[in-house]
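The values are calculated or read from the model by the stated rules, or taken from the named source; none is laboratory data. What you are looking at is a predicted structure, and each value in this text was computed from that prediction instead of being measured. Glycine also receives a Cβ, built like all others from the backbone with ideal geometry; neighbour counts cover every protein chain displayed.
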């Protein structure tokens, strides 16, 4: 039988079906448990869905940067709200995964081999887009592979906060030149001059202040996801090493409460 979107005998293309448009043949065939344990399917599905949301977050943040640099505050705000909603969905998924008990996870854990969430190239890329520049995130990926290239490219592009500074300059704020023209391949460091600008932005109570607040929301959302991830690992494997020999919860604890936009947090006590 011809697929729904194949041309018919007269050469006219048939309307695409829901199934074909979403590529459900490929998506629903992508769950391949390595054991007969009932609970492994849940583990696979949750992580696959998370990767889809990471993909959408990357898509939204790229759009956010374009809108900020174009001075389009309305679209930037809308995109920030969507990114925050995605982060809340990612956090909410933890409730489902936490129904997996330690014994249930242990029943198939050995089948995972060296596979580990630390190998998520999309999350590493997301960290870089938000300003992270930790090259240890490249270690799990072949130098000549697409994952390594994507993460490396994100580490050499302006991060989201750099785009915010360009937006504020376009609004007439005197953003320090050394912050605007910094080496974007290095991690952003707090800047007293930038904080003074942010205080003026908040004092003006215009769209720039709203954008700053939504960026704080997104930063907090990422930190909340990290926290829930830590607690999930602690309740599932305790203090054991993670899959693939990673440091498990201990490594994730070290990343907690590390803001992506430090200057937006530094000014809170002065607002």
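Could you please let me know if residue 91 is in a helix (DSSP H, G or I), in the same structural domain as residue 191 (by TED's automatic domain parsing) and either surrounded by fewer than 18 Cβ atoms within 10 Å (Cβ to Cβ) or touching a strand residue (DSSP E or B) at 6+ places or on another chain (Cβ under 7 Å) (or both)? Here the answer is yes, as residue 91 does meet what is asked.
Between 70, 85, 76, the distinction of being in contact (Cβ under 8 Å) with a residue 24 or more places away in the chain and within 26 Å of residue 151 (Cα to Cα) belongs to 76 only. With respect to the conditions (1) free of Cβ contacts under 8 Å to residues at least 12 places away in the same chain; (2) touching a helix residue (DSSP H, G or I) at 6+ places or on another chain (Cβ under 9 Å), residue 103 lacks only one, and its number is (2).
For residue 147, are the conditions met, namely being closer than 27 Å to residue 78 by Cα, assigned to a helix (DSSP H, G or I) and free of Cβ contacts under 8 Å to residues at least 60 places away in the same chain?
No; evaluated as a whole, the condition is false for this residue.
A residue that is modelled with pLDDT of 95 or more, in contact with a helix residue (DSSP H, G or I) (Cβ under 8 Å, 6 or more places away or on another chain) and part of a helix (DSSP H, G or I) occurs nowhere in the stretch 131-143.
Does the stretch 161-171 contain any residue that is touching a helix residue (DSSP H, G or I) at 6+ places or on another chain (Cβ under 6 Å) and at pLDDT below 95? No: the stretch 161-171 contains no residue that is touching a helix residue (DSSP H, G or I) at 6+ places or on another chain (Cβ under 6 Å) and at pLDDT below 95. Which members of the stretch 24-40 meet the condition of being touching a residue at least 60 places away in the same chain (Cβ under 8 Å) and over 21 Å from residue 98 (Cβ atoms)? Once the filter is applied, which keeps residues that are touching a residue at least 60 places away in the same chain (Cβ under 8 Å) and over 21 Å from residue 98 (Cβ atoms), the stretch 24-40 yields only 34.
Would you point out which residue out of 194, 184 is out of contact with any strand residue (DSSP E or B) (no Cβ under 9 Å at 6 or more places or on another chain), surrounded by 15 or more Cβ atoms within 10 Å (Cβ to Cβ) and over 24 Å from residue 269 (Cα atoms)? Steps first, answer last, please.
On the way: 194 fails: over 24 Å from residue 269 (Cα atoms).
The conditions single out 184.
Within the option set 77, 64, being within 30 Å of residue 170 (Cβ to Cβ), at pLDDT 95 or above and surrounded by 18 or more Cβ atoms within 10 Å (Cβ to Cβ) holds for one residue only, 64.
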